[in-house]
Every structure is written in structure tokens, then in C-alpha cells.
Amino acid sequence: MGRLDVTVEVSARHVHLSQADIEKLFGAGAGLTVKKEIPGGYVAAERVTLVGPKRSMERVAILGPARKETQVELSATDARSLGVDAPIRLSGHLENTPGIKIVAGNGNSVEIDHGCLIAQRHVHLNEEDAAKLGVTQNQNIDLRIDTGKDRALTFSDVIVRIGGPDSVVHLDTDEGNAAFTGASCVGTCIAE
């Protein structure tokens, strides 16, 4: 059994937009404004409102750069609040997902017919850490988090994604809150 301590990050609701949808929302030839660099991209200064069957959510972050297809990543709580029956999926796996209306601050909107999902918890491992843990691409592992706040828990079905320079676990806000994660949280990846 392999064990490896990895930084845990919580990923709040956000949108990835296609270039075509960026232009529909913000104007012909528009691009996104970089507010903050993050691994593999950036958080844009622009924000959008998600309009679901039950209610709306304002000031939702956009992550860049532009993607091939527009995608909305939610927590289960967000999906229920909006009235969207979003399945749990890995990022980019958009088949058989529901759509939603996305509105920019200028009033422009786009309605996607698919692309809403609850992000599957996953761990990005660099090649060296994957070898230390003894895991392969897309393998399921466990993640143990104990922040010392009487909420220790173990998540099963954490998908391994190998590649990139850093090793980090991504949870959604529901999962992060359940484990009482915060700044500088570290979890233990467990592979059998």
C-alpha cells in the first residue's frame, strides 16, 4: 500500500468558456482579462451570472484560457440550488449533461444545451509522485484528510491524473467543507 501527502485545494463554482461564447457575452473579438494566474491558466476579471430553473447565482468566476466547449463546474449544493440535475464527471466529459443560461454584466447571454457538471474529485500527480505512490493514470485511490477539527474523513474514488509539474488534490466546496479544509491543508493519498 502506497501513501503520499499532497496539498488539498478547494475549487469553487466556475465557468470555462469557448472563444465563441466569450465573444457572444463580451463582444466580437473580446478576450478575457487576467486577474490572477493559477496553474494551467488564470482566473478572469470578468464574472457571469448562472440562471437555472430555480434561481440564479451571480458573480461566478470564469477560468481561462478559452476552451473548445463551454463548461460549468458546480458543487452538488450549487446544482440543487440552481435546479440543475448535473452528474459527477471529470472535467471535459460533457456528454449527457444539462445546460444552463450564462449572463454577462452587460446583459448579453448565451444558453448552452449541455456542459453543467459536478467535478469528480481528483488528484493531479507529477510523474515522480505518481511513481512514489505506485499509481497509474485514471486509477481510483483514497484520500484521508484530518485537519484536527473532529471532522477527519476518507474520500474514496479519487481519480489520478498524471502530468504537470505539481501534485495537488482538487475537491469541490461541499467536499472541502465536509473535511474542514482551509489554507495549507494536506491530505494523504492512499493506493492499494
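The values are calculated or read from the model by the stated rules, or taken from the named source; none is laboratory data. Source: prediction; values computed, not measured. FYI the Cβ positions are ideal-geometry reconstructions off the backbone, even for glycines, and counts take in every protein chain you see. Heavy atoms of the whole protein, side chains included, go into the accessibility calculation; ligands, DNA and RNA do not. Shrake-Rupley method; radii C 1.70, N 1.55, O 1.52, S 1.80 Å.
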Pseudo-spin-label distance GLU69 to GLN120, built 7 Å along Cα→Cβ, given in nm, is 1.5
Under 17 Å from LYS68, Cα to Cα: aspartates and glutamates that are on another chain or at least 8 residues apart: ASP21, GLU23, GLU95, GLU111, ASP113
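Using alpha-carbon pairs under 8 Å, 6+ residues apart, how would you state the relative contact order of the chain in percent?
28
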Explain nothing, just the number: relative contact order of the stretch 96-192, from Cα pairs under 8 Å at least 6 residues apart, as a whole percent. 31
Residues other than THR49 with Cβ under 9 Å of its Cβ, Lys/Arg counted +1 and Asp/Glu -1, net out at +2
Given the protein chains as shown and a 1.4 Å probe, how many square angstrom of ASP146 are accessible, to the nearest 10? 100
Value of relative contact order over the stretch 126-170, rounded to a whole percent, pairs C-alpha under 8 Å and six or more apart: 45
Net charge within 11 Å of ARG3 by Cβ-Cβ distance, Lys/Arg positive one each and Asp/Glu negative one each, not counting ARG3 itself? -1
Within the accessible area of the stretch 34-192 (1.4 Å probe), percent carbon and sulfur: 46
Checking ILE141, ILE102, ILE118 against a Gaussian network model of the chain (alpha-carbon springs below 10 Å), the top fluctuating residue turns out to be ILE141
Per the helix-only calculation at 222 nm, which mean residue ellipticity applies to the chain, given -39500 (n - 2.57) for every DSSP H run of n ≥ 4 and division by its residues, nearest 500 deg cm²/dmol? -3500 deg cm²/dmol
